[in-house]
1. Consider V48 carefully, then state whether it is touching a Ser or Thr at 6+ places or on another chain (Cβ under 8 Å), in a strand (DSSP E or B) and either among the small types (G, A, S) or closer than 18 Å to I118 by Cβ (or both).
2. Tell me which residues, restricted to segment 72-84, are more than 17 Å from E18 (Cα to Cα), part of a loop (DSSP other than H, G, I, E, B) and under 14 Å from the mean Cα position of the chain (by Cα).
3. Can you name the residue in segment 1-33 that is touching a residue at least 12 places away in the same chain (Cβ under 8 Å) and assigned to a loop (DSSP other than H, G, I, E, B) and, of all such residues, is nearest to the chain's Cα centre (by Cα)?
4. Restricting to segment 85-109, what's the tally of residues that are surrounded by fewer than 17 Cβ atoms within 10 Å (Cβ to Cβ) and assigned to a loop (DSSP other than H, G, I, E, B)?
Amino acid sequence: MRVICEMDSGLRRAHRVELEGILDAVGASAMWEGVSGRVSKDVPALLVNLSGVRFMSSGGIGMLVSLLARVQQAGGGMSICACPSRVRSVLNICGLEQVLNVRETEEEARERLRELGIT
């Protein structure tokens with residue numbers, strides 16, 4: 001799993017996360033290690049681009065829910081975007097599309113974070 005986590009160019013209080021690979025237990029662990037420590041009261045939000053995720057297991061789903069809890073504890077929010085159809089289908093079946101603020105594009109995800117009060 002390749003994890004890129006950097007400050008988002010459109011929101012000063014959010015990190016943009018880009019994943020590439022398989023989001024299983026091993027990939028989820030790599031994502032958690034690369035992202036969770038960056039969430040803080042000053043930068044409490046995540047915009048997560050899943051366009052490079054080829055497969056997602058229950059381990060990946062659990063980690064996304066854990067990250068959501070982490071950002072909410074910091075007073076922020078999370079929005080996921082650019083899901084391949086297989087990944088989006090899994091999130092839909094699990095009933096997590098609304099909870100994880102799944103959007104089609106990064107700009108739509110940024111707009112959702114703005115709606116949640118992230119600037």
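1. It is true that V48 is touching a Ser or Thr at 6+ places or on another chain (Cβ under 8 Å), in a strand (DSSP E or B) and either among the small types (G, A, S) or closer than 18 Å to I118 by Cβ (or both).
2. Across segment 72-84, the qualifying residue is only G76.
3. My answer is D8.
4. As a first pass, look at segment 85-109 and keep what is surrounded by fewer than 17 Cβ atoms within 10 Å (Cβ to Cβ): 85-86, 89, 92-95, 97-99, 104-105, 107-108.
From the residues that got through so far, the ones that are assigned to a loop (DSSP other than H, G, I, E, B) too are 94-95, 97-99, 104-105.
Total meeting the criteria: 7.
Only the coordinates and a few stated rules stand behind these numbers; no lab work does. Note that the structure is a prediction, hence the values are computed from the model and not measured. Please note: Cβ atoms are built from the backbone with ideal geometry, for glycine as well, and neighbour counts cover all protein chains shown.
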